[in-house]
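J.: I have a structure here, written as structure tokens, and I will follow up with some questions on it.
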Amino acid sequence: MSENPSHENPPGENPANEGPDPEVIELATKVFDMARNGDAEALASYVDAGVPVNLTNEQGHTLVMLAAYHGHAPAVRVLADRGADLDRANDRGQTPLAGAVFKSEDEVVRVLLAGGANPEAGTPSAVDTARMFGKADLLELFAAR
């Protein structure tokens, strides 16, 4: 039987058409782990090689959300520099900036703001989160924008 390009499986699907290709899932898991662990250099390489900068997991977390929440400012920076949507909320309405405020990751907050993140985006927003936890310094920083 010869191969016919018109009958090829779509990228990311296995030959039995039973959902996502396990190799694609493995790669995505690896890239999400890079974001969680703050491996900025590897993230940059993978995104530059074609991994979507706004890749999202089953909870709606983007790579930048995971890097921000885990306090990895350099990883957040490389993703922002490559066009990551800094205001993209997860399935619970949380943004990377609100997550960084919640986790008291001030350097990440500054990187996100420098990249154009909106402190009013999300539910609760970064402003709401700063108010909730009495972070007057961050409220001043947001007001100065």
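J.: Cβ-Cβ distance below 6 Å, separation of 6 or more or different chains: which pairs start in the range 48-68 with a residue that is without any contact (Cβ under 8 Å) to a residue 12 or more places away in the chain and closer than 16 Å to PRO96 by Cα and end on one that is of a type in the set (Phe, Trp, Tyr) and assigned to a loop (DSSP other than H, G, I, E, B)?
T.: none
J.: With within 15 Å of the chain's Cα centre (by Cα), at negative phi, at pLDDT 95 or above and part of a loop (DSSP other than H, G, I, E, B) as the only criterion, which of LEU86, LEU97 stands out?
T.: Values: LEU97 fails: part of a loop (DSSP other than H, G, I, E, B).
Residue meeting the stated conditions: LEU86.
J.: Say we look at the range 109-124 and pick out the residues that are small (Gly, Ala, Ser) and touching a helix residue (DSSP H, G or I) at 6+ places or on another chain (Cβ under 6 Å); which of these is farthest from GLY93 (Cα to Cα)?
T.: Initially, the range 109-124 is screened for residues small (Gly, Ala, Ser), giving 114-117, 121-122.
Next, from what is left, pick out any that are touching a helix residue (DSSP H, G or I) at 6+ places or on another chain (Cβ under 6 Å): 115, 117, 122.
On the way: GLY115: 20, ALA117: 15, GLY122: 5 Å.
Result: GLY115.
J.: Being among the hydroxyl-bearing types (Ser, Thr, Tyr) and surrounded by fewer than 14 Cβ atoms within 10 Å (Cβ to Cβ) is the filter; apply it to the range 15-51 and report the residue that is modelled with the highest pLDDT.
T.: Checked the range 15-51; the qualifying residue modelled with the highest pLDDT is SER45.
The values are calculated or read from the model by the stated rules, or taken from the named source; none is laboratory data. If you're wondering where the values come from, they're calculated on a predicted model, not measured in any experiment. No Cβ is skipped: glycine too gets one built from the backbone with ideal geometry, and neighbour counts run over all protein chains shown.
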